[in-house]
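I have placed the structure first, in the form of structure tokens, so that the comments after it can refer back to it.
The values are calculated or read from the model by the stated rules, or taken from the named source; none is laboratory data. Here the structure is a predicted model, which is why all the values come from computation and not from measurement. Using ideal geometry, Cβ is built from the backbone for each residue, glycine included, and neighbour counts are taken over all protein chains shown.
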2 protein chains.
Amino acid sequence: MKTCEVTFETSDEVSPVSVAAGALLSDAAILAGVEINEPCGGQGRCGRCTVQVVSGSVRRRSTVRLTQDDIAEGHTLSCQTVITEDIRVVVQPWGKIERRLTTDRVVGDVQVPAGYSAKEVQSMRRIPLNLAPPSMDDQTDDWSRLQTALRSEAKIELSGLSLGLLRQMGPTLRESGWAVTAVVDTWEEAGSALLKGRLQALYPGHVPEEAPLWGIAVDIGTTTVTVWLVDLLSGKVVTQASEYNGQIARGEDVISRIVYATKEGGSKTMVDLVLGTINGLIAAVCAEMKISPGDIQKASVAGNPTMMHLFLGIPAQSIRLSPYVPVVNQLPMVTGAAAGLMINPEAVVDCLPGVASYVGSDITAGVLSSGLSEMVENTLFIDVGTNGEIVLGNRDWLITCACSAGPAFEGAGVTHGMRATKGAIEDVWIAGGHSAKAYEPTSRVIGNVRPIGICGSGLISLLAEMFLTGIVDKGGGINLSLPTPRVRTGEHGPEYVVAWGSETEDRRDIVITAVDIDNLKRAKAAIFAGFNVLAASVGVEFESIDQLLIGGSFGKYINVEKAVQIGLLPDLPTDKFQFLGNTSAKGAYYALLDRNIRAQLTQIASRMTYLELSADNSFYEAFMSASFLPHTDLDRFPSVEAAVEKHQ
Amino acid sequence: MKTCEVTFETSDEVSPVSVAAGALLSDAAILAGVEINEPCGGQGRCGRCTVQVVSGSVRRRSTVRLTQDDIAEGHTLSCQTVITEDIRVVVQPWGKIERRLTTDRVVGDVQVPAGYSAKEVQSMRRIPLNLAPPSMDDQTDDWSRLQTALRSEAKIELSGLSLGLLRQMGPTLRESGWAVTAVVDTWEEAGSALLKGRLQALYPGHVPEEAPLWGIAVDIGTTTVTVWLVDLLSGKVVTQASEYNGQIARGEDVISRIVYATKEGGSKTMVDLVLGTINGLIAAVCAEMKISPGDIQKASVAGNPTMMHLFLGIPAQSIRLSPYVPVVNQLPMVTGAAAGLMINPEAVVDCLPGVASYVGSDITAGVLSSGLSEMVENTLFIDVGTNGEIVLGNRDWLITCACSAGPAFEGAGVTHGMRATKGAIEDVWIAGGHSAKAYEPTSRVIGNVRPIGICGSGLISLLAEMFLTGIVDKGGGINLSLPTPRVRTGEHGPEYVVAWGSETEDRRDIVITAVDIDNLKRAKAAIFAGFNVLAASVGVEFESIDQLLIGGSFGKYINVEKAVQIGLLPDLPTDKFQFLGNTSAKGAYYALLDRNIRAQLTQIASRMTYLELSADNSFYEAFMSASFLPHTDLDRFPSVEAAVEKHQ
């Protein structure tokens, strides 16, 4: 039998060890006396036993949680690494590993579209102008003078003009000595050699060419609102911020919001609440980048139809009542002032087009940004939010439906739920009943701080682990008879303690209650049921789905395996799944960058066939079947069945 | 010598009289013992001796104050009628004559343009629609449903949409059972078979076809604001109202208004004041017609550039300072809400295009409505307002200038001045010093009521009579040594009493003071000087001017002879003069009716050469020469010289 020498480089001096070829790297570490964390018990799930092989090669059983770059640099999971030759291994300090795993979760992820050229596709233009000052021989009025300059210097024909700008124009031109910078929203018009344009801002002097030109992509979710601040010239997302939608205080789901908005003064309250949230986020991103919100020149807004109606103060009651018709799918362009956004009042606000009462621009934007509408493969796209919207199709056909999941996966409506920000538990592992640390959890917290609560991915992870370890049963009930103080009866009934007050930020125990579990179960059941009904309506079997794209704001690092274990996602090979993050915000971002996107979204919207679940009896049946962990029909979840057997 | 028999028909029985052929009808009346009023002393100026010749014909020396219809019906001025054969004459009761002379002064005058067809030229359309209600099989959104209906039923392609309408749309459609009436502003677009349209209002049910569709023509004068209420379908002006511009409280002329607007908060005050006036007038015309202001769908607004800037809150200081450049001549279309008008917030407000800092849309509208720009003859057009704007030209060329006259001719800035409404003295005759009633005035009051004050035409008339009778001298000074109690020294210096308190509405004496006369003199001098400089600049002699068109709000029945006597108008044959009333409001009215007019106005504006008087030294010289009654150079006023000789 071949023997291999393994040398560990750590902060302490450690002697090399010899192991048989085929041994696990984690076992070699134990032999060498090197401590490597294994919170998940060597199942290759948590990524915390990652080390770096700097000499020699190894065989990797799994590379979960590692990027291609990580692998190229030799990073590997000790518990999943088979030794085949002499190797040298660097064991990095714990914090360094953790940083790589939990760095900033969104901004770094957004790639500027390949080949993005503001000159070619950006509608917003910033043009430095030197105007000839007026004289007694040239008494041309200011507006004509500016029009002439833009025509000759930028081949732009201005049309229309707001009173707001007319009121600024004279003083700005004179105080700046007739050297100004114009910000113009442009569009092409058939049969015209010139671009058409609408003046949006006039700055004194010449703004440096390299200075950013600001825009925002806004995703108005029922539960979570997200704003991305974008430099329209480079295309870069420079920062982002998310917050719970202030409307939550008046109803958790779209139906209760519509009901509230129908009351006297309710519509205005709804508008004010969501504007409070969006404007707060705008203030936050602007403060971070030290810019003035008034310099934001363009906004693209995506959201479900109810959110869009309530954002713009349009009565939404027809969405709720049969035959479920929105007032408008193709929303008109409005100005910042008309929309009530705290940006340039003249800024163009592009509310993206939706499909039907419950499938809005969040989904057209998601379909666009995921690339689904161009794919050859049969693809299922799920946007997991308060509503779970599902699209099935490819470049030839698209069918869609929406089901009400509730806000649990966004961390709302759950006792210690929170958004996926610093202090949120985003992943949990629970030791099995037979181990020394029976029923004890280990968790990963965003930002490596003391935990504050649990975000959506953490809740999925937690529920899956509780199910696998038998803390909850198939029906979601907590087993109070287990020999651990973590299972107890609290104020709101049975609960499991995820973190003791001694470990948490605010010194209170972080728990998950039976009620929380019920919320999560109903959320996942609604999505899985929608999924079933949609696939059945077009006669597509789960097995024939080539890929499954998942968008949503529950975090990017959601664990597919765990999502399958609770029955949120179908039991398909892991490599068919792809998590895309906030696809709605991403679609809005694409629309912000490229003036051709809106037409594409309109086209996508018109291509989508909408299935009204509220008119479909099979939905309720599918929902009931899915209201178990993972499902009444375990045959549909063979991998989960196997995992349960292994654990219990 | 031929003898003619004259039979008078009066309320009393009167015997026929025989007079020699060639005798005046007024002499025949005295012979017959028939009392006919002759306030002007038989000069053929007042029209009060009008009678009706019902049998036989007469020779008329003058037909001043008679319309063509009057003449056709046999009406004639007794003092100007030569008897040539046997005639029968009806002497109507005094009141009846008076009514014909002083009835409603504007509405009756406005003729709907010949051949006006709303279908062909009106941009505003009102379309009854029956929409197919939505169902589970047709979940089309409301806005698309409405667009489809308008496309199929009216060949109109809607573009854009306001949030205001989106907010009303759903409930309106449902509450009306999907039968609605849409009001749409339309325009043609090159290359499109469909009309383009912007939805402005959606009424539940079907509005009756014969119901009016309301619009307003607005003339914002520096001193007087006028609103005409128009049925866009029939084209008829149904009523009108005028009021002093509320901004007068902050400055009498455009310069002082600009100065005020430049102060902190001044611009907003100016906007608020003029909006107060306009909205008050809108409320008045709507109350009169018992309609809701929110049903006014379109407004056309004309005014000088300062008025337009201050109406829209655009800084106007550059108009006042060399090189005298407005911010904008071609004003953008705005909505009722943006303009702050109390009409449908979505209504289109068309602020008509102007030429230069002191020649605005009031003048382009005046040139259009007077027909000047299409005339073969050399035509002089004067719009007498607070600024006197003058245009000289014909269909081949147009030159224009503006001079600051002050508000005197609109009755403002004069002790007992008032607008030409009920109670205003609009014409005055003063008996010469040699007559029995030496220096006693007779006046005509609008509405035949006790006088309240004197309007512009009354002031011109009064000043001319005072000059002819020697009450004022060439320099405008009042001769205090005349043997009449009407000439006296009042609180503000020398004055002439036009009406004693015993005759007036408010029991106070109505006077004209030396200061008032000075104001009038400066006003007329500015206009006459502008007239001179403009004609001189293109080398046109007064004599070669074929016609003189006069617009302004000082009243339609201004007496040319008297205007010439004070030197306001050049001494040309009476038949060259034509009074057109408020040409600015009339132009706005034309633009309100016909969507092609705006382009015509723009074209007129571009054709006009603007002469900046403030940059012209000859203006001051001409002004000084014109600051006498009628002028330093009496040779230029031969008819006035003759009249003075005759009177004194």
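Consider A:Ser357 against the criteria (1) at the interface with another protein chain (Cβ under 10 Å from one of its Cβ atoms); (2) within 19 Å of the chain's Cα centre (by Cα): it satisfies all of them except one. Which criterion is unmet?
Result: A:Ser357 fails condition (2) only.
Quickly run through segment B:126-172 and pick out the residues that are of a type in the set (A, V, I, L, M) and more than 7 Å from chain A (Cβ to nearest Cβ).
Pass one, segment B:126-172, residues of a type in the set (A, V, I, L, M): B:127, B:129, B:131-132, B:136, B:146, B:149-150, B:154, B:156, B:158, B:161, B:163, B:165-166, B:169.
Residues satisfying the conditions are B:Ile127, B:Leu129, B:Leu131, B:Ala132, B:Leu146, B:Ala149, B:Leu150, B:Ala154, B:Ile156, B:Leu158, B:Leu165.
Please go through segment A:303-319 and give me each residue that is in contact with a strand residue (DSSP E or B) (Cβ under 8 Å, 6 or more places away or on another chain) and within 8 Å of chain B (Cβ to nearest Cβ), ordered by number. Walk me through how you get there before you give the answer.
Going through segment A:303-319, the residues in contact with a strand residue (DSSP E or B) (Cβ under 8 Å, 6 or more places away or on another chain) turn out to be A:303-305, A:307-308, A:311-312.
Selection gives A:Leu312 alone.
Is one or more of the residues making up segment A:291-302 at pLDDT 95 or above, within 14 Å of chain B (Cβ to nearest Cβ) and crowded, with 21+ Cβ neighbours inside 10 Å?
Yes, the conditions are met somewhere in segment A:291-302.
Given the structure, is A:Thr262 under 30 Å from A:Thr400 (Cα atoms), of a type in the set (Ser, Thr, Tyr) and surrounded by fewer than 17 Cβ atoms within 10 Å (Cβ to Cβ)? First the steps, then the outcome.
Details: under 30 Å from A:Thr400 (Cα atoms): yes; of a type in the set (Ser, Thr, Tyr): yes; surrounded by fewer than 17 Cβ atoms within 10 Å (Cβ to Cβ): yes.
Criteria met by A:Thr262.
Tally the residues that are surrounded by 24 or more Cβ atoms within 10 Å (Cβ to Cβ) and of a type in the set (S, T, N, Q), restricting the search to segment B:370-392.
Qualifying residue count for the region: 3.
Go through (1) more than 14 Å from chain A (Cβ to nearest Cβ); (2) of a type in the set (A, V, I, L, M); (3) surrounded by fewer than 24 Cβ atoms within 10 Å (Cβ to Cβ); (4) assigned to a helix (DSSP H, G or I) for B:Ile363 and report which single condition fails.
(3)
What are the residues in segment A:141-173 that are closer than 14 Å to A:Asn130 by Cβ, of a type in the set (D, E, K, R) and either buried (at least 16 other Cβ atoms within 10 Å of the Cβ) or assigned by TED's automatic domain parsing to the domain that holds A:Ile343 (or both), if any?
A:Arg145
Is at least one residue of segment B:121-131 outside any strand (DSSP E or B), modelled with pLDDT of 80 or more and surrounded by fewer than 20 Cβ atoms within 10 Å (Cβ to Cβ)? Give the steps one after another, and end with the answer.
Of segment B:121-131, the ones outside any strand (DSSP E or B) are B:121-123, B:131.
Adding the requirement that they be modelled with pLDDT of 80 or more leaves B:121-123, B:131.
Keeping just the survivors that are surrounded by fewer than 20 Cβ atoms within 10 Å (Cβ to Cβ) gives B:121, B:131.
Yes.
Need the failing condition index for B:Thr181 against (1) buried (at least 17 other Cβ atoms within 10 Å of the Cβ); (2) within 14 Å of chain A (Cβ to nearest Cβ); (3) polar (S, T, N, Q); (4) free of Cβ contacts under 8 Å to residues at least 60 places away in the same chain, just the number.
(2)
Considering segment B:184-202 alone, what residues qualify as being more than 12 Å from chain A (Cβ to nearest Cβ), in a strand (DSSP E or B) and not hydrophobic (A, V, I, L, M, F, W, C)?
B:Asp185, B:Thr186, B:Lys196, B:Gly197, B:Gln200
B:Asp506: charged (D, E, K, R) and surrounded by 16 or more Cβ atoms within 10 Å (Cβ to Cβ), yes or no?
Details: charged (D, E, K, R): yes; surrounded by 16 or more Cβ atoms within 10 Å (Cβ to Cβ): no.
Taking the combined requirement at face value, the residue does not satisfy it.
If I filter segment B:427-446 for residues that are within 28 Å of B:Ser256 (Cα to Cα) and either without any contact (Cβ under 8 Å) to a residue 24 or more places away in the chain or surrounded by fewer than 24 Cβ atoms within 10 Å (Cβ to Cβ) (or both), do I get at least one hit?
Of all residues in segment B:427-446, those within 28 Å of B:Ser256 (Cα to Cα) come to none.
No, segment B:427-446 contains no residue that is within 28 Å of B:Ser256 (Cα to Cα) and either without any contact (Cβ under 8 Å) to a residue 24 or more places away in the chain or surrounded by fewer than 24 Cβ atoms within 10 Å (Cβ to Cβ) (or both).
Go through segment B:399-418 and give me each residue that's surrounded by fewer than 22 Cβ atoms within 10 Å (Cβ to Cβ) and either in contact with a Cys (Cβ under 7 Å, 6 or more places away or on another chain) or closer than 30 Å to B:Ala356 by Cβ (or both).
Taking segment B:399-418 and keeping what is surrounded by fewer than 22 Cβ atoms within 10 Å (Cβ to Cβ), we get B:399, B:404, B:412-413, B:415.
Listed by number, the residues that qualify are B:Ile399, B:Ser404, B:Ala412, B:Gly413.
Any residue at all in segment B:235-253 that is surrounded by fewer than 20 Cβ atoms within 10 Å (Cβ to Cβ), hydrophobic (A, V, I, L, M, F, W, C), over 30 Å from B:Val325 (Cα atoms) and without any contact (Cβ under 8 Å) to a residue 24 or more places away in the chain?
Checked against the condition, which is being surrounded by fewer than 20 Cβ atoms within 10 Å (Cβ to Cβ), hydrophobic (A, V, I, L, M, F, W, C), over 30 Å from B:Val325 (Cα atoms) and without any contact (Cβ under 8 Å) to a residue 24 or more places away in the chain, segment B:235-253 yields no hits at all.
Determine whether B:Arg88 is of a type in the set (Lys, Arg) and modelled with pLDDT of 75 or more.
Working: of a type in the set (Lys, Arg): yes; modelled with pLDDT of 75 or more: yes.
Answer is yes for this residue.
Could you check A:Val121 against (1) more than 10 Å from chain B (Cβ to nearest Cβ); (2) over 22 Å from A:Glu210 (Cα atoms) and say which number it fails?
It is condition (2) that A:Val121 fails.
One line per residue, one yes/no per condition, for (1) more than 18 Å from B:Val640 (Cβ to Cβ); (2) within 18 Å of the chain's Cα centre (by Cα); (3) without any contact (Cβ under 8 Å) to a residue 12 or more places away in the chain:
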| position | (1), (2), (3) |
| --- | --- |
| B:Ile527 | no, yes, no |
| B:Leu549 | yes, yes, no |
| B:Ile566 | no, no, no |
| B:Thr574 | no, no, no |
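Matching residues to (1) of a type outside the set (Val, Ile, Thr); (2) in contact (Cβ under 8 Å) with a residue 60 or more places away in the chain; (3) out of contact with any strand residue (DSSP E or B) (no Cβ under 7 Å at 6 or more places or on another chain); (4) buried (at least 19 other Cβ atoms within 10 Å of the Cβ):
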| position | (1), (2), (3), (4) |
| --- | --- |
| A:Ile510 | no, yes, no, yes |
| A:Lys521 | yes, yes, yes, yes |
| A:Thr583 | no, yes, no, yes |
| A:Ser614 | yes, yes, yes, no |
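From the set of residues in segment A:320-354 that are part of a strand (DSSP E or B) and crowded, with 23+ Cβ neighbours inside 10 Å, which is nearest to the other protein chains (Cβ to nearest Cβ)? Quick ask: steps written out before the conclusion?
Going residue by residue through segment A:320-354, those that are part of a strand (DSSP E or B) are A:334-335, A:348-351.
So of that shortlist, the ones also crowded, with 23+ Cβ neighbours inside 10 Å come out as A:334, A:349-351.
Details: A:Val334: 6, A:Val349: 10, A:Asp350: 13, A:Cys351: 10 Å.
Among those that are part of a strand (DSSP E or B) and crowded, with 23+ Cβ neighbours inside 10 Å, it is A:Val334.
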